[in-house]
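See below for the structure under consideration.
The values are calculated or read from the model by the stated rules, or taken from the named source; none is laboratory data. This is a predicted model, so every value here is computed, not measured. Every residue, glycine among them, receives a Cβ derived from its backbone with ideal geometry; neighbour counts consider all protein chains shown.
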Amino acid sequence: MAVSAFKPEVWNANLLVALEKSLVYAAPGVVNREYEGDIANYGDTVHITSLADPTVGTYTPHTDITIEDVDDSDLTLLIDQAKYFAFEVDDVEKRQAFNGGKILTEQARKAAYKLRDVADLYVAGLMAAGVDAGNLVAEQTISTPSDAYDLLVDLGVILDVDNVPSEGRWVVVSPAFHGLLQKDTRFVGTGDAAAAATRANGMVGDAAGFSIRKSNNHPAGPGAGAGRLMIAGYNGAVTYAEQINKTEAARKEKGFADIVKGLHLYGAKVVRPTGLAAADVIVA
């Protein structure tokens with residue numbers, strides 16, 4: 001790769017696309033990502049404005065109605081996470097490798113997936129700490145397909161009680177939990193071609209009113225056992241913003257190699273704790 005031909009904007013865009021495709025907890029549809037364009041540097045503060053609910057009054061003919069002000073509140077999202085990658089490819093190795101000119105591009109793609117894991121673990125931990133205490137299901141062992149599906153229903157009921165919108169609901173499950181779901185006819189017995197095609201392509205699907213996501217990054221549960229926290233919610237409970245702030249290419253000063261380095265900035269905030277529910281789960 002000639003450093004003179006390096007275009008940081010193209011690399012930044014490609015890295016963000018790779019990140020977006022692989023994120024689970026911080027994926028679009030799981031978190032609110034409307035504030036991405038407000039990030040410029042580490043330590044930036046993003047202002048999130050939320051509006052108070054209006055009051056519904058009873059109308060009486062020939063009586064003045066009460067007109068309210070629109071009250072808002074300001075929440076701040078701090079961009080306090082900064083992670084980097086940096087690697088080099090020696091000119092000799094590049095020439096000897098198949099498609100050597102593409103080594104740096106492929107390595108950058110792999111770097112994006114590694115950044116994904118770090119960011120996902122951060123967001124998962126933030127959700128675990130931010131979920132409302134009343135929305136936590138105590139540690140339990142799940143051993144049958146029926147148990148697995150019923151727990152999803154229970155999480156949905158918790159969100160219903162807190163008046164969480166039914167649109168945009170999601171749950172992140174472990175591979176073992178997903179395996180139990182696949183044995184439950186309520187999950188796999190829909191009979192529609194679209195659902196069958198989705199499962200055939202290795203995607204997870206939908207169940208009990210949730211979009212089902214699969215991950216190995218579950219936080220540890222608060223119980224005394226070896227449970228992992230299975231988190232559910234809707235796409236307005238958590239706000240997340242990220243940028244690939246800097247991607248640079250250079251020639252190694254003491255050697256013959258190309259160097260690429262990049263900086264990933266992001267932050268997240270739980271803006272509605274009751275918009276999340278979680279269960280401490282041990283899958284037998």
Qualifying residues in the range 83-133 (those that are of a type in the set (Asp, Glu) and part of a helix (DSSP H, G or I)) - the one modelled with the highest pLDDT: ASP120
Tabulated pairs, the range 256-284, first hydroxyl-bearing (Ser, Thr, Tyr), second in a loop (DSSP other than H, G, I, E, B) and surrounded by fewer than 22 Cβ atoms within 10 Å (Cβ to Cβ), C-beta under 6 angstrom, 6+ apart or interchain: THR274/ASP132; THR274/ASP162
Residue count, the range 134-166 (criterion: closer than 20 Å to GLY29 by Cβ, in a helix (DSSP H, G or I) and among the small types (Gly, Ala, Ser)): 1
Sole exception among (1) modelled with pLDDT of 70 or more; (2) within 16 Å of LEU115 (Cβ to Cβ) for LYS21, by number: (1)
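Condition check ((1) over 22 Å from PRO219 (Cβ atoms); (2) in contact with a strand residue (DSSP E or B) (Cβ under 9 Å, 6 or more places away or on another chain); (3) of a type outside the set (D, E, K, R)) across all residues:
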position: PRO145; (1), (2), (3): yes, no, yes
position: ALA148; (1), (2), (3): no, yes, yes
position: VAL164; (1), (2), (3): no, yes, yes
position: ARG169; (1), (2), (3): no, yes, no
